[in-house]
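Read-outs: derived from the displayed coordinates by stated rules, not from any lab. Owing to the predicted nature of the structure, the values given are computational and were not obtained by experimental measurement. In this analysis, Cβ positions are derived from the backbone assuming ideal geometry, glycine residues included, and neighbour counts consider all displayed protein chains.
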Amino acid sequence: MAPKNDVCKVKLNYPCQWLYKVIGTDHEQLHKTIMEIINNIPCEISISNCSSSGKYICLNLEITVQSEEERNSIYSRLKSHSLIKIVL
């Protein structure tokens, strides 16, 4: 049995497609914010889900990332933006 502090890390081959789930409250602003953060890199943005009250919307951001550094950088920039509530 592996020790609890061992982390199993998946090996990714770059470039690769990556999917971020981005949750916020305003569809248009969320879409615009994502485009600004990724600096207009070609991507697909689609609606994933909405909360039952309609307050929150989840958008799928599908993008080709060139490296782990780029993948993590995009995640960090999305996560740190004030209009974005959650990034998965």
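Taking the Cα centre of the stretch 16-83 as origin, sum charge times position over the Cβ atoms of Lys and Arg (+1) and Asp and Glu (-1), and report the length of that vector in debye to the nearest 20.
240 debye
Of 54, 30, 66, which is farthest on the positive side of the dipole of the stretch 9-71, counting Cα position, with +1 on Lys and Arg Cβ, -1 on Asp and Glu Cβ, and the Cα centre as origin?
54
In degrees, nearest 10, range 0 to 90: what is the angle between the Cα axis of helix 68-80 and the longest Cα principal axis of the chain?
Between helix and principal axis, roughly 40 degrees.
So if I restrict to the alpha-carbon atoms in the stretch 16-87, what is the Rg, and what is Dmax, the biggest pairwise distance, in Å?
Values for the stretch 16-87 (Cα only, Rg and Dmax): 11.6, 38 Å.
Using modelled backbone amide H atoms (1.01 Å from N, in-plane), which distant-in-sequence or interchain residues come within less than 5 Å of residue 16's amide H?
It is 65, by chain and number.
I'd like the orientation of helix 27-37 relative to the chain: the angle between its Cα long axis and the longest Cα principal axis, in ° from 0 to 90, rounded to 10.
Long axis of 27-37 versus the principal axis of the chain: about 50 degrees.
Suppose R0 equals 22 Å; then what is the FRET efficiency for residue 8 and residue 49 from their Cβ-Cβ distance, rounded to the nearest 0.05?
Efficiency, from the Cβ-Cβ distance: 0.20.
What distance in nm lies between label points placed 7 Å from Cα along the C-beta direction at residue 82 and residue 19?
Those two pseudo-labels are separated by 3.2 nm.
Can you tell me which lysines have their Cα less than 30 Å from the Cα of residue 9? Leave out same-chain residues fewer than eight positions away.
21, 79, 85
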